[in-house]
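Just so it is clear, none of the values below were taken in a lab; they were calculated from the coordinates. These numbers come from a predicted model, not from an experiment. Cβ placement follows ideal geometry from the backbone for every residue including glycine, while neighbour counts extend to all protein chains displayed.
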Amino acid sequence: MNQDPIANSALAPHEPRRISTVAPVGGRLGPEPEDFAVDEIPLYQPSGTGEHLYVRIQKRGLTTPDLTRIVGKAARVRERDIGYAGLKDKHAITSQWLSLPKQALPPEEWELPDSIQVLEASWHGNKLRTGHLTGNRFGITLVDVPEADAARAGSLIEGLRRSGLPNYFGEQRFGIEGKNLPQALEWLRRPPAPRRKQSRFHEKLFPSVLQAEVFNRYLSARYELGFDRLVQGEVVRLAGSGSVFVVENPEQEQPRLESADLVLTGPIFGPRAVAARDRAAELEAEALAPLGLDEAQLDRLGKSARGTRRDAWLPLDDLSFEPLDATSFRVSFTLPAGSYATQLVRELTGGAWLTLRARPQSA
């Protein structure tokens, strides 16, 4: 990896591949917030006792930072003392849990706009932190589907329900027109900036963009080899746990893959990521190479991007389909935390990469 990253600063995000054998039906995401509904699935339910007030809130047309600012003012607590598990989209109707310190005014005394509703409240022993969620349930409406193609939607969705979906990072991670990736490479070649608010934001965003790019490239290369067969040296996760291990004998482990006891993973590169070996390590190195990073740059990244493994494939067991009229339908499904609903939308509509209406990840 001895390329000059300056020359690579115009690198475009890798385009995730479509996997369905049925042609997309076209159409687009509906324009109203109601056309994109997200309900957070918490990692745990509040216990009913403790020092932190937990409230489940539905918002419409607001970002999560908008929500915490408004709720903090209504509850008379500092915004920074409000906890949440993940960010939710602005152009949607979403529900999520917030935690507030015990001195907060009770929800029945809050004065809130019509765009915010408190759904339930309880107590718990700890503040909510980023990542304290299992996943999200989505309800998405597609409109302007050509009537001649709409009849195929059911077959397309049934095929995806059976096959599942590659767990690509969505276009939102890469920003408008994919600009986050070249900006991340430019950021990496510059000396670290003084620690002020803007630089701290970039020190979190840009490493995650580079990790996402490598993961997406690896995922496409791994898909070409067939996700129904194990590769020598790849890292797999034990289903139902967070435990991972390196596959040393693919033939011996193959029955466990076929019985869904093993889950394929890809690299979120960094010093703490469990390293692949052999052929899988070669694939990961090939995915990283286009970024042209030298050892010093990788070391800098490692200080803020510690690394982990990410599931390579998403089950869609609960994917359902509801026709609304001749040119629109609604799909409902569940995704784990960190996965992107827009990847399913792209499979359905065939929309061009980096042009879908912006949606955040299922945080």
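Structure values in brief
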read-out: DSSP bridge orientation in segment 173-314 - percent antiparallel, rounded to nearest 5; value: 100 percent
read-out: Student exercise, the chain dipole from Lys, Arg, Asp, Glu Cβ charges, in Debye to nearest 20; value: 1440 debye
read-out: Mean Cβ neighbour count within 10 Å, used as a protection proxy, ranking 212-222, 128-138 highest first; value: 212-222, 128-138
read-out: Share, in percent, of DSSP beta bridges within the chain that are antiparallel, nearest 5; value: 95 percent
read-out: Helix-derived mean residue ellipticity, 222 nm - over the chain, DSSP H n ≥ 4, -39500 (n - 2.57), to 500; value: -9000 deg cm²/dmol
read-out: Contour minus Cα-Cα distance for Ala239 and Phe201 (0.36 nm per residue); value: 10.3 nm
read-out: Of Ile176, Ile116, Ile41, the one that fluctuates the most in a GNM where the chain has Cα springs shorter than 10 Å; value: Ile176
read-out: Most mobile listed residue (Leu264, Leu112, Leu288) in the chain, GNM with C-alpha springs under 10 Å; value: Leu112
read-out: Efficiency of FRET from Cβ geometry, Glu32 and Lys73, R₀ 25 Å, rounded to 0.05; value: 0.40
read-out: Volume per residue that the Cα convex hull of the chain spans, once the total is divided by residue count, Å³; value: 145 Å³
read-out: J(HN,Hα) series, segment 77-91, from Karplus relation 6.51 cos²θ - 1.76 cosθ + 1.60, nearest Hz, glycine and proline x; value: 10, 6, 4, 5, 8, 8, x, 8, 8, x, 7, 10, 5, 7, 8
read-out: Gain upon complete extension [Arg279, Thr327; 0.36 nm per residue less C-alpha separation]; value: 12.6 nm
read-out: Total charge dipole magnitude, segment 44-130, about the Cα centre, Cβ charges on Lys, Arg, Asp, Glu only, Debye to nearest 20; value: 320 debye
read-out: Computed over the chain: relative contact order in percent, which uses C-alpha pairs under 8 Å that are six or more apart; value: 26 percent
read-out: Mean Cβ count within 10 Å, highest first, over the residues of peptides 251-257, 185-191; value: 185-191, 251-257
read-out: Peptides ranked, highest mean first, by Cβ atoms within 10 Å: ranges 76-83, 150-157, 54-61, 101-108; value: 54-61, 150-157, 76-83, 101-108
read-out: Length added when fully stretched, Ala221-Ser115, from 0.36 nm per residue minus Cα-Cα; value: 33.8 nm
read-out: Cα-Cα over 30 Å, subset of Lys127/Lys303; Lys127/Lys204; Lys88/Lys303; Lys73/Lys179; value: Lys73/Lys179
read-out: At most 16 other Cβ within 10 Å, DSSP loop - trypsin sites (Lys or Arg not before Pro), segment 275-363; value: Arg277, Arg306, Arg357
